[in-house]
Structures are given as structure tokens and as C-alpha cells.
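The values are calculated or read from the model by the stated rules, or taken from the named source; none is laboratory data. None of the values given here were measured: they were computed from a predicted structure. All Cβ positions, glycine included, derive from the backbone under ideal geometry; neighbour counts span all protein chains shown. For the accessible areas, the whole protein counts, side chains as well, though only heavy atoms, and no ligand, DNA or RNA atoms are used. Shrake-Rupley method; radii C 1.70, N 1.55, O 1.52, S 1.80 Å.
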Amino acid sequence: MIRTTLVAGLMAALTAWPAFAQPAPTPGWAVGRPEGSTLAPHAPRLTVTPADQLPVAALRLPAGFSAEVFASGIPGARMMTEGPNGTIFAGSRVIGRVYAITRNQDGTTRTRTIAQGLTQPNGVVIVGNALYVIAIDRVLRYDNIEANLDNVPAPVDMTAAFNLPTEAEHAGNHGWKFTILGPDGRIYTNVGANCNICTLDRERFALLVSFKPDGSDRRIEARGVRNSVGMAHHPVTRELWATSNQRDWAGNDSPQDTLHRVRRAGEDFGFPFCVGTWADPQENAGRNCSEFSQPAALLGPHVAALGMRFYDGTMFPEAYRNQIFIARRGSWNRERLSGYDVVVAKLDAQGNVTAVEPFMEGLRDDANQRFLGRPVDVHVMRDGALLVADEQMGAIYRISYRQ
């Protein structure tokens, strides 16, 4: 009996051994990471940051501008949209929540969690009185949302109508969405590349796409845009502009993140073959980069340029009118930190970018190579103030101007 038991145990151990010997699967973000590298993402805080620990005092702005805390205690808050009654809705990624922030009569704010348990519900947009929430492969519509913040009804599931790539198809890569309502009444969003750098279906991934609000009439607005988590239409010309995060593991300074101006539907910006004039050494496949549309501006290497908005308010000086504010979340795969700020892309009368200038600084500590926050989105309020969402601190700052 003892001998039989020992043999059975040994056989079971030998059978199980290959399972124990298998190396852990490589996460999607680490595919292509050089051997021996210890670089890895800086995870956002998923707990409430006390208001007295927010880095407002560290923020540096041009003369006449000031920053204050608009709302705090919002772990992972990212992309923003504003309802007809002034409610600010914010999506998130890892924490899976959607927030609603309202102003109290005394000027303070109240935050409600109106949805949770979703898979990276980053994309939020108001269409009429409805809030659309776009997660990786789900599209949910919350009708008459501002009248029901304390008793949120079950959403209308629009997933099948939009038919976005599934979470499995994205394979852990760039599935989160940024969403806006275009001046033509269509919903615009991104479909990121399902890899760091690879040959992919260029009709399905690395796209900017738009739909009618019912999910019909899918239209490809731009191809070859690796990972756009920010877009907006010019207030005058109505041209679509978008930021894009470029590939990892090609060096500290290459390639740069980009800003794109889409002049015609279906325009091709080159991923995975090129970023501007930079031919990707792994996937170029002999393509001439001149055959693709060039970026409107280079935004810096690995700065993680995300949410962007044209300034269409009246509070800021005239020099900022119709200029582009861009939140740069900041690097994690660069030996020297870059980004962690808000910049302004300055446009001339023809819509050409003449400069990319700093606007909100102070979150990146170059001397100690650390950061105090991560700006991920900007939003122009109806009074002309600029909101900046800080994912790391779970806060939204309000920037105003007084001459």
C-alpha cells in the first residue's frame, strides 16, 4: 500500500511538473522589452489621495493664471465630458469606474460613482441628454443621466451596434477609448493597435473611427494612428486633430509622440511602418515614409500625449483662442522622465503648428527623477476655465485667468 501510494504520488508530481516549470506569460506591455531591462509602468494610485497631499502648490503656470482643486477623492479619474447642466463626467481605466462631479451652491463639489466594475471605461461623451460610456469592447448609453445621478437607471447596451474589437482581440494592448461628439453629430473614437509594434489588420486597428449615435455607419477617419487617447475638432475649420502615443522599446528618444491633423477621411499616418520621417527598424517593410501623411507636430519621446482640446472659451487671453491644450501623462519606459505636464500647440492662421509651448509644469522633478502627478485630460468649461484631470492623484484641477 505504501509503495503504491509513493508511486502514485511520484507520477502525479511528474505529471504536474511541466505546469510548474512553465514561465509566466509576458504581459502585453512588455512584449519587445530588451532582455535585462527592469523598466515597467508606474501604476496609478487606486485609493483616495487626501486633499492636503495634492500638489497644487507645485504647479507652475504663465503669469495671470492660477490653479485650484476642482474635485478630489476620485481614484484613477481620466477622460472628461460635460453635461448640459454642468455635470462633469470622468471615466477611468484600471479602477473601472465612471464618476459624476457636480457643483454645490457654496462652490464645493460632490462626486458620485455612477458606474463601476467595467473594463477600462475610459471614453465618455454626452450626446443630447445621454451619457455614452465606451469601455474596451462595450458601449453603454445612460439616458437622461443628469436627472438620475442619485438613481442611475440600467444603461442601454449599444455594444453590438458599434461592433468594436473585443478585449481578447486587443490582447491587453491599447483597448481604452477616447470619445468626442463631432460638429456633424457623429461619435468619434479611437481603436488602438493590438500590439506594441507588429503587422496588423489596418482596417480594424490603429484607427480613428466615427459612427452615428445609434452605432451605424462606421467610417474610418484616419488609419495608421497607433494609439490615440485624445482628439478634437477645430472650432472654425472643423478639421479633426488627434494625439498619438508611439511604440516602446526603440530607444530613449525615438520615436516621438505625435499630433495629427486629419484633412480627409481615411488619411494614412503610417503605423506600423513609419512615424513621420522615422522608419521603424522592425516593421518598415521597405515602405517610403513620404507616402504617408506627416504629423502636424512632434510632441516629445515617450511623453504619453493624451487628452487634448481646442480652447474656445473667452476667459483666457486672445492668444490662446483656438489653440490646442494637450495633457502629457508622462513616460514610464524612458531612462529620464519626460512629460507630466500640459502644453499648448500654437497654430497660425493656416492651421500650421508653429510651436509647442509649456503651460502647466511642476509635476516632474528632474533632479530626483520622480513625479508628483499625471495629467491625462483637459476640458474647457463653459466659463472659460480649464480643467485638468490628474489620474495619479485622483483629482481635477481648475485653471483660471485674471488679468
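Of the residues 91, 83, 339, the one that moves most in a GNM of the chain with alpha-carbon contacts below 10 Å is 83. Fully extending the segment from residue 201 to residue 68 would add 43.4 nm, taking 0.36 nm per residue of separation and subtracting the current Cα-Cα distance.
When the accessible area of the chain is split by element with a 1.4 Å probe, what percent falls to carbon and sulfur?
Details: 8700 of 17630 Å².
With neighbouring chains kept in place, the figure for the chain is 49 percent.
Rounded to the nearest whole Hz, the Karplus-based 3J(HN,Hα) values (6.51 cos²θ - 1.76 cosθ + 1.60, θ = phi - 60°) of the range 301-308 follow the sequence x, 6, 7, 6, 5, 10, x, 9, with x at glycine and proline.
Note on residue 52 and residue 282: with the Förster distance fixed at 45 Å, the Cβ-Cβ geometry gives a FRET efficiency of about 0.45.
Would you mind working out the accessible area per residue for the range 269-318, using a 1.4 Å probe, and quoting it in Å²? Before the final figure, lay out the partial values.
On the way: 2000 Å² over 50 residues.
Heavy-atom SASA per residue in the range 269-318 reads 40 Å².
The residues of the range 181-224 expose on average 34 square angstrom of accessible surface per residue, using a 1.4 Å probe on protein heavy atoms. Placing a label point 7 Å from the Cα of residue 167 along the Cα-to-Cβ direction, the residues of the range 68-95 whose backbone N falls under 17 Å of that point are 92-95. Summed over qualifying helices (DSSP H, 4 residues or more, each -39500 (n - 2.57)) and divided by its residue number, the chain shows a 222 nm mean residue ellipticity of -2000 deg cm²/dmol. Along the axis of the charge dipole computed for the chain (Cβ charges of +1 for Lys and Arg, -1 for Asp and Glu, origin at the Cα centre), the listed residues 320, 260, 375 are led at the positive end by 375. If you take all other residues with their beta carbon under 13 Å from the beta carbon of residue 289, and give Lys and Arg +1 and Asp and Glu -1, the sum is -3. Largest GNM mean-square fluctuation across 291, 267, 167, computed for the chain with C-alpha springs under 10 Å, falls on 291. Largest GNM mean-square fluctuation across 124, 343, 98, computed for the chain with C-alpha springs under 10 Å, falls on 343.
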